[in-house]
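Presented below is the structure to which this report refers.
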Amino acid sequence: MKKLLFLLVILVSISACNNNSGNGFVADSDLEFHMGSNPSVEAFKVFDSAWRNLDYKLMKTLIADSVSFEFHDGKIANSGDEFIELIKADVEKTKLEGNSYSWTTDYAFSVDLNPSKEGEWVNAGFTSILDNPKDSIVKKVYNDWYFFNKGKLELWYQAIRDIKE
């Protein structure tokens, strides 16, 4: 009996490990969230580093030909060149306001909505402390979603929360 019970425990454990069910849902869809893979997080790290260093040339190599970027303020870029131009304008505006263009990357993780198709989402959080606070805003907390497919960025969405004193 002990051998049968042991065998049953082993079979249940193996079955649980092979369970591909998701760990989240998408409303009005049959899609589920699944944990993503580290290569997507690594692709994000390279992109984040290039952005932090304003290495526009490297950034362009990491952006797919068909792309959509949606900024927190409603601006949209549909090409790597448009995205870079918006970044350059943001850098200039930030510096004119007396702030450094810098941030701390707080976290990043990847999720996969459809494991049968290529590509994964990376959610990343950032904090930017303002050198020159305005309207009592001392820092900004960013929440960005990146969709990487075969190491190239195809979609990006941004949200920002202003933190006051």
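The values are calculated or read from the model by the stated rules, or taken from the named source; none is laboratory data. It should be emphasised that the depicted structure is a prediction, and the values quoted were computed from it without experimental measurement. No Cβ is skipped: glycine too gets one built from the backbone with ideal geometry, and neighbour counts run over all protein chains shown.
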Discussion item. Of the conditions (1) without any contact (Cβ under 8 Å) to a residue 24 or more places away in the chain; (2) outside any loop (DSSP other than H, G, I, E, B), Ile163 satisfies every one except a single condition; which number is it?
Written reply: (1)
Practice prompt. Write out, first by first residue and then by second, each pair whose Cβ atoms fall under 8 Å of each other, whose residues are 6+ apart or on separate chains, and whose first residue, in region 78-96, is under 19 Å from Leu155 (Cα atoms) while the second is charged (D, E, K, R) and in a helix (DSSP H, G or I).
Written response: Gly80/Lys60; Asp81/Lys60; Ile84/Lys60
Worksheet item: If Phe69 passes every condition in (1) in contact (Cβ under 8 Å) with a residue 40 or more places away in the chain; (2) more than 18 Å from the chain's Cα centre (by Cα) but one, which one does it miss?
Response: (2)
Worksheet item: Quick one: is Leu31 in a loop (DSSP other than H, G, I, E, B), more than 15 Å from Phe148 (Cα to Cα) and at pLDDT 95 or above?
Response: no
Worksheet item: If you go through region 55-66 one residue at a time, do you hit one that is modelled with pLDDT under 95 and on the phi < 0 side of the Ramachandran plot?
Response: yes
Fill in: Residue satisfying all of: in region 46-66; among the charged types (D, E, K, R) and farther than 16 Å from Leu155 by Cα; farthest from the chain's Cα centre (by Cα) among these
Lys57
Worksheet item: Within region 131-150, is there a residue that is under 21 Å from Ser49 (Cα atoms), acidic (Asp, Glu) and either touching a strand residue (DSSP E or B) at 6+ places or on another chain (Cβ under 6 Å) or in contact (Cβ under 8 Å) with a residue 60 or more places away in the chain (or both)?
Response: yes
